[in-house]
Amino acid sequence: MPAPDVPVLVERAREGDARSVARLISLVENASPLLREAMAALLPYGGRATVVGLTGAPGVGKSTTTSALVSALRRADKRVGVLAVDPSSPFSGGALLGDRVRMQDHALDPKVYIRSMASRGHLGGLSWTTPQALRVLDAAGCDVVLVETVGVGQSEVEVAGLADTTVVLLAPGMGDAIQAAKAGILEVGDVYAVNKADRDGADSTIRELRHMLTLGERRQEGDWRPPIVKTVASRGEGLDELVEALEKHRGWLEETNELQRRRHRRAADEIEAIALTALRRQMGDPRGGAALDDLAEQVVAARLDPYAAADELVAGLTATTTGP
Ligand SMILES: Nc1nc2c(ncn2[C@@H]2O[C@H](COP(=O)(O)OP(=O)(O)OP(=O)(O)O)[C@@H](O)[C@H]2O)c(=O)[nH]1
Ligand SMILES: [Mg+2]
């Protein structure tokens with residue numbers, strides 16, 4: 001494939017051309033040298049989309065809920081992006097096959113972009129790739145972008161840092177609320193969905209969850225109280241209530257300026273991820289490598305302590321531009 005013309009790609013993506021959106025996200029995934037130009041070109045067109053993260057234990061129904069949410073949002077004529085990120089795999093595809101099947105309902109809808117993305121191959125992983133893919137979807141005119149993490153890991157909590165609103169899913173019999181609390185995900189939910197409410201035990205899961213949420217409560221007047229929505233995602237039940245809860249949260253974010261605070265934090269994380277990636281790259285380059293080898297020898301020979309060696313290494317990193 002010839003090197004893409006970035007201004008043309010950006011222009012076409014803004015007009016809603018799915019192929020251009022896909023190619024821009026591929027630049028992110030491949031950490032392309034063109035990414036710097038692309039991010040600069042996209043900058044004026046961002047800041048409109050609401051980013052909703054969906055997280056929860058494997059099999060709880062994240063993909064089914066995502067797909068049902070897409071349908072609900074499309075009924076309201078919203079343009080929707082879906083980003084399925086897999087922080088545990090260096091490849092996209094494979095594990096996401098099941099999700100593709102579930103997303104098939106939307107495959108032909110020109111106002112829905114669905115993209116799966118791997119991030120393990122990158123230094124900085126999720127924190128490096130996802131915000132940039134979000135910038136692409138935002139500039140492409142998505143009203144809402146749904147981010148689902150695939151695979152297991154601490155990323156369940158990590159995804160919360162990337163979203164304006166985080167939905168935590170639970171299901172009866174699928175790891176109770178206490179386990180969810182231990183995993184730290186009861187601290188990150190703005191909205192809770194107890195999915196698979198067609199199964200026994202949904203009401204006790206809700207009670208237990210409500211109890212756990214009050215335990216951790218240190219709320220003040222005007223704080224957001226995370227609502228609990230009951231859903232049967234596989235039948236599309238409870239989805240209107242979920243959309244309503246998302247809209248309410250968005251309203252609260254705007255009224256309280258929390259939206260601005262979250263976006264500020266997100267930008268700070270993104271800059272940090274890019275800067276750290278650049279630093280690690282510098283340390284890993286051949287000259288850095290030689291310096292490191294030399295210092296390691298001195299430490300082994302007890303001529304230098306490891307702290308002094310680290311100081312020398314850091315001091316040896318001259319300022320150059322950040323990649324890609
Ligand atoms: N009974 C019932 N089954 C459901 C419901 N929602 C999803 N399922 C089923 O639960 C299984 C897992 O759903 P997924 O949407 O793939 O769950 P997930 O959280 O995306 O799973 P991973 O991506 O593997 O972590 C599938 O077989 C769904 O059909 C529901 O509301 N009720
Ligand atoms: Mg899934």
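The values are calculated or read from the model by the stated rules, or taken from the named source; none is laboratory data. Just so you know, these numbers come straight off a predicted model, no measurement behind them. A quick note on method: Cβ atoms are made from the backbone with ideal geometry, for glycine too, and the neighbour counts reach across all protein chains shown. Accessible surface areas use protein heavy atoms only, side chains included; no ligands, DNA or RNA. Shrake-Rupley method; radii C 1.70, N 1.55, O 1.52, S 1.80 Å.
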* Asked: Accessible area, 1.4 Å probe, largest first: how do W128, W224 sort?
  -> W224, W128
* Relative contact order computed over segment 188-307 (Cα-Cα under 8 Å; 6+ residues apart), in percent -> 21 percent
* Asked: If you average over every viewing direction, what projected area does the convex hull of the Cα atoms of segment 231-306 give, in nm²?
  -> 10.2 nm²
* Asked: Going highest first, how would you order 296-307, 247-258, 225-236 by mean Cβ packing within 10 Å?
  -> 225-236, 247-258, 296-307
* Amide hydrogen neighbours beyond the local backbone of R79, cut-off 5 Å, H modeled -> D143, V144
* Structure fact -> With a 18 Å threshold on alpha-carbon distance, the violating pairs from K62/K196; K62/K248; K78/K111; K78/K248; K196/K248 are K62/K248; K196/K248
* Asked: Once amide H atoms are built 1.01 Å from N in the peptide plane, which residues 5 or more positions from T231, or in another chain, come under 5 Å H to H?
  -> V194, N195, K196, A197
